[in-house]
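Only one structure is covered here, and it is reproduced in the block below.
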Amino acid sequence: MKKVLVVDDRLENIIALEILLKKSDLSIIRATSGNEALALTLEHEFALALIDVQMPDMDGFETVKLMRKVERTRHLPIIFLSAIYSEDHYKIQGIEAGAVDFITKPFQPRILLGKVKIFLELYENKKKLEKEIEHRIRTEAFLRETETRLLEAKKKAEESDMLKTAFLANMSHEIRTPLTLLLGFAGLLADSPCDEATKKKYSTIIHKSSDSLTNIINDILDVAKIESGQFNVNTKKTDINILLNELYVSFQAILKGNEKTQVTLKLMVPAEPVKDFITDENRIKQVLTNLLNNAIKFTEAGSIEFGYRTLKNGLRFFVKDTGVGLPAEKYDLIFERFQKLDNPNIYNSSGAGLGLSIAKKIIELLNGTIHVTSQVNSGSEFTFYLPYLSSNELKSPNLRLEPLNRGKINWTSKNILIVEDDSPTYQLLESMLANTGVKLNWAKNGKEAVEIYLKDQCYNLVLMDINMPAVTWVEAFIELRKINVKLPIIAHTAHAMVDEKQHLESIGFDGLITKPIVMEELLSLLNPFLS
């Protein structure tokens, strides 16, 4: 609704103008003095002002002059009304003060209404024009922003396409290499008579190939988690020396297994161990494992040193080797995803090119930084800094399964129903559980699982594959829960994404184990329900 300001020190004059200007879409705001009129202009936006010239304290001329000094009312259309000042020089004075018209009383109502109508239409057109200009400005800004985003998206898509092409080609090579060894030597073990030494040699190669394949898959999953924003850390109080000593023992064995007899592994820690450092123990192991693996890969002779130093505000970890090194211009490149150094004569081409980018993400999530210094043929040193975290920054870690002594497991009085549509997987689970004394029954699908359980409810636990057709396992889970709400049901799946785990937990599964299934993890997961 358009507002009109009427200023007159005599109320009867204001009422007369209100009657004359009475319209459904017009709001008349009264003011009986210049000061009151000025105050009202700060509260309202007016389309027009009708102001009497002769008023006490502050006349109309002075009021309008003050209005014109304020941005809000600088261009407000103002019509002077006067019964006394009818001479031309007063009219000129009014126009010079800032009015758009000067009408003397008595006036013709139709003339006043006509002029008011014109100024109200001008106000409407002005508001429409302002909206159109504002809309055009927003549209142009949106188009510019859209164009910028499209160009950025195009650039990213082109880069992404190149990276994905390189990634797929690289993954094909990296997966096929250990898979070829795994299948080849497994075939030799199955088809050819071998002595014990040969069997041990082939088994070692199979285990190494399996570990290599698992590491590649884990790296791919970690990258997928990073892309989807589901890559998290779980912090707790950690004894750093124990963590590093475990790595030292493991990598001593790895050096021996790789026949790196000319490489010495050294662990360097402060005299005063740090026992309550708040961090994600598993993720730190992941970072150091990646750095140590790289050091071993690129060092044929000399030494590999790793450890940490205490600083005022945190810890600085390091892995230093005397290997091939790398040029300074490659420092940033090696932390990029899918990137590998391009000289096969110097740098071993194995690996997915994901480990260091994942390590960098882990360190950043722990509020730290990672750097490398190196020189060709003189070795490299990777360092990463982690600040001290306060106790209120602790994040509840996932449940950690304690390792079991297989020899002490005795589940002879227990029964497990395994729901699995893949025969080799069932045979693997059967072999893993063979020495526990547990009795197994096999359901090849969800429908069969429900039928078996209805016939005999002796089962202490159900181990259910959820990679069967979705309706089958979902319906089976619901039916089993209806029959026995307290029946423990453990899911096993090839999906290791965070959202998948959370989804299964929200449905009501009592536990989850992901493929590839490790015997120790399986036994540790089942033990609380069967012991």
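The values are calculated or read from the model by the stated rules, or taken from the named source; none is laboratory data. These figures come from a predicted structure and were not determined experimentally. Here the Cβ positions follow ideal geometry from the backbone for every residue, glycine too, while neighbour counts run over all protein chains shown. Ligands, DNA and RNA are stripped out before the accessible areas are found, and what is left, the full protein with its side chains, is counted by its heavy atoms. Shrake-Rupley method; radii C 1.70, N 1.55, O 1.52, S 1.80 Å.
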Note to self: with every protein chain in place and a 1.4 Å probe, region 408-478 gives an accessible area per residue in Å² of 50 Å²
Taking 286-293, 182-189 and ranking on average Cβ neighbours within 10 Å, highest first, one gets 286-293, 182-189
Taking K156, K91 and ranking on accessible area (1.4 Å, protein atoms only), highest first, one gets K156, K91
Per residue, the convex hull enclosing the alpha carbons of the chain has a volume in Å³ of 298 Å³
Dimensionless Rg/Rh of region 2-138, both radii on Cα and Rh by Kirkwood, sits at 0.97
Ordering 33-41, 328-336 by per-residue average of other C-beta atoms within 10 angstrom, highest first, gives 33-41, 328-336
Computed over region 1-119, the relative contact order (Cα-Cα under 8 Å, seq sep at least six) in percent reads 24 percent
Here the percent of antiparallel bridges among DSSP beta bridges lying wholly in the chain, to the nearest 5, is 35 percent
Listed by chain and number, the residues whose amide H is under 5 Å from that of T264, excluding neighbours fewer than 5 places away on the same chain and using placed H, are G302, S303, I304
Restricting to aspartates and glutamates and to Cα separations under 15 Å from K297, and discarding same-chain partners fewer than 8 apart, the set is E259, E305, D321, E381
Dividing the mean separation of Cα pairs under 8 Å (6+ apart) by the residue count of the chain yields a relative contact order in percent of 8 percent
In this structure, the FRET efficiency calculated for S27 and R149 from their beta-carbon separation, with R0 = 41 Å, to the nearest 0.05, is 0.40
Non-local residues with an amide H under 5 Å from the amide H of L512, with H modelled 1.01 Å from N and Pro and chain starts lacking one, are A491
Ignoring ligands and nucleic acids, M1 exposes an accessible area, probe 1.4 Å, in Å² to the nearest 10, of 150 Å²
Surrounding charge for L122, neighbours by C-beta under 14 angstrom, Lys/Arg +1, Asp/Glu -1, total +2
Quick numbers on region 195-298, Rg and Dmax over C-alpha atoms in Å, give 16.8, 51
Per-residue ellipticity at 222 nm attributable to helices in the chain (runs of n ≥ 4 DSSP H, -39500 (n - 2.57) apiece, nearest 500 deg cm²/dmol) works out to -16500 deg cm²/dmol
Heavy-atom accessible area of D456, protein chains in place, probe 1.4 angstrom, given in Å² to nearest 10, is 80 Å²
Kirkwood radius from Cα pairs of region 67-170 plugged into Stokes-Einstein at 25 °C, 0.890 mPa s, gives D in µm²/s equal to 128 µm²/s
For region 29-68, the accessible surface attributable to carbon and sulfur atoms (probe 1.4 angstrom, ligands and nucleic acids excluded) amounts in percent to 48 percent
Of the listed pairs K105/K128; K155/K320; K69/K131; K199/K515; K236/K515, those with alpha carbons more than 30 Å apart are K105/K128; K155/K320
Residues whose built amide H sits under 5 Å from the amide H of K414, excluding neighbours closer than 5 in sequence, are K439
Any aspartates and glutamates whose Cα falls less than 15 Å from that of K237, other than same-chain ones fewer than 8 residues away, would be D276, D280, E281, E393
Other residues with Cβ under 12 Å from the Cβ of E300 give, with Lys and Arg +1 and Asp and Glu -1, a net charge of 0
